[in-house]
1. Does at least one position in segment 138-148 carry a residue that is within 15 Å of residue 37 (Cα to Cα) and either among the hydroxyl-bearing types (Ser, Thr, Tyr) or crowded, with 22+ Cβ neighbours inside 10 Å (or both)?
2. Cβ-Cβ under 7 Å, sequence separation 6+ or interchain: first residue in segment 119-140 and within 16 Å of residue 186 (Cα to Cα), partner in a helix (DSSP H, G or I). Which pairs?
3. Looking at residue 13, is it within 23 Å of residue 172 (Cβ to Cβ) and in a helix (DSSP H, G or I)?
4. Residue 50 fails exactly one of the following numbered conditions: (1) over 21 Å from residue 185 (Cβ atoms); (2) in contact with a Ser or Thr (Cβ under 7 Å, 6 or more places away or on another chain); (3) without any contact (Cβ under 8 Å) to a residue 60 or more places away in the chain. What is the number of that condition?
5. Which ones in segment 115-136 are in contact with a helix residue (DSSP H, G or I) (Cβ under 7 Å, 6 or more places away or on another chain) and either at pLDDT below 90 or in a helix (DSSP H, G or I) (or both)?
6. Would you be able to tell me the number of residues in segment 150-181 that are closer than 21 Å to residue 101 by Cα, within 18 Å of the chain's Cα centre (by Cα) and surrounded by fewer than 17 Cβ atoms within 10 Å (Cβ to Cβ)?
7. Output the residue which, of all residues in segment 53-79 that are assigned to a helix (DSSP H, G or I) and free of Cβ contacts under 8 Å to residues at least 12 places away in the same chain, is nearest to residue 119 (Cα to Cα).
8. Going through 171, 146 one at a time, which residue ends up being within 17 Å of residue 19 (Cβ to Cβ) and among the hydroxyl-bearing types (Ser, Thr, Tyr)?
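The values are calculated or read from the model by the stated rules, or taken from the named source; none is laboratory data. Model, not experiment: these values are computed from the prediction. Using ideal geometry, Cβ is built from the backbone for each residue, glycine included, and neighbour counts are taken over all protein chains shown.
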Amino acid sequence: MNKKLVIAIDGPAGAGKSTIAKLVAEKLGYAYIDTGAMYRSVTWKFLQTKAAFDEQLISELAERMVIEFRPEASVNRVFVDGVEVTEAIRKAEVTCNVSKVAAIGPVREAMVAQQRRMGEAGGVLMDGRDIGTVVFPHADLKIFLTATVEERARRRYKELTEKGEIIDLATLQQEIAQRDKQDSEREISPLRQAEDALLLDSSDMTIAEVAAFIIRLVQEKENVLCNN
């Protein structure tokens with residue numbers, strides 16, 4: 001049997017990490033852990049309190065909350081303390097606040113601890129901003145997935161309009177560029193490519209092409225480890 005790996009996919013907002021990661025995990029029979037959804041879950045939990053931004057309160061919530069992923073058909077359902085938040089954590093209010101929440105040290109510590117427990121047995125695929133640099137620096141395979149700001153905005157625009165939301169494409173581009181800046185400049189676990197990660201620019205690739213490319217990489221890595 002091939003060895004089950006720990007696979008890390010990092011990259012900026014809107015690069016398609018979650019879409020690709022879910023597809024690859026499903027094809028390979030790996031568990032998919034959406035770390036971005038975990039930080040969104042903390043943000044959602046805090047927003048439910050209606051309190052002013054408070055790092056201590058947010059940190060305490062992150063320490064206590066239980067996040068679960070329950071795959072169902074093509075959906076990776078997310079639960080916070082038993083409540084499904086799959087759709088709620090994708091709302092605009094969460095999106096606008098998640099970078100600030102994810103930059104809080106104790107919040108990241110709490111989430112990283114959960115992520116490491118989830119992946120310690122192998123056979124997992126995680127995507128986020130710091131999986132290959134902080135969460136699993138010794139991951140068996142690291143990929144830094146990116147695309148141009150323009151292409152990422154176009155994809156997000158298509159996704160939102162198909163859901164019936166009205167949004168300006170130029171505004172989306174500005175928001176994504178600002179998110180890149182925030183994620184790259186934050187003091188704790190900034191977005192950066194691990195030295196041993198493969199850079200994969202998906203600007204001119206389809207979802208199927210990116211997924212097939214990563215699946216080949218995983219299978220080759222599994223075979224090498226199995227034969228050693």
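1. Just the residues of segment 138-148 that are within 15 Å of residue 37 (Cα to Cα), to begin with: none.
No.
2. Hits for this filter: 128/35; 128/36; 129/183; 131/35; 134/112.
3. Working: within 23 Å of residue 172 (Cβ to Cβ): yes; in a helix (DSSP H, G or I): no.
No; evaluated as a whole, the condition is false for this residue.
4. It is condition (2) that residue 50 fails.
5. Restricting attention to segment 115-136, the residues satisfying the condition of being in contact with a helix residue (DSSP H, G or I) (Cβ under 7 Å, 6 or more places away or on another chain) are 115-116, 124-129, 131, 134-136.
Result: 115, 116, 128, 129, 131, 134, 135.
6. Step one: of segment 150-181, the residues closer than 21 Å to residue 101 by Cα are 172, 174-181.
Next, from what is left, pick out any that are within 18 Å of the chain's Cα centre (by Cα): 175-181.
In the following step, the residues that additionally are surrounded by fewer than 17 Cβ atoms within 10 Å (Cβ to Cβ) were identified as 177-178, 181.
Residues meeting the conditions: 3.
7. In the first step, residues of segment 53-79 are kept if they are assigned to a helix (DSSP H, G or I); the result is 55-64.
Imposing the further condition that a residue be free of Cβ contacts under 8 Å to residues at least 12 places away in the same chain reduces the set to 56-57, 60, 64.
Numbers: 56: 27, 57: 27, 60: 23, 64: 20 Å.
Result: 64.
8. Details: 171 fails: within 17 Å of residue 19 (Cβ to Cβ).
The match here is 146.
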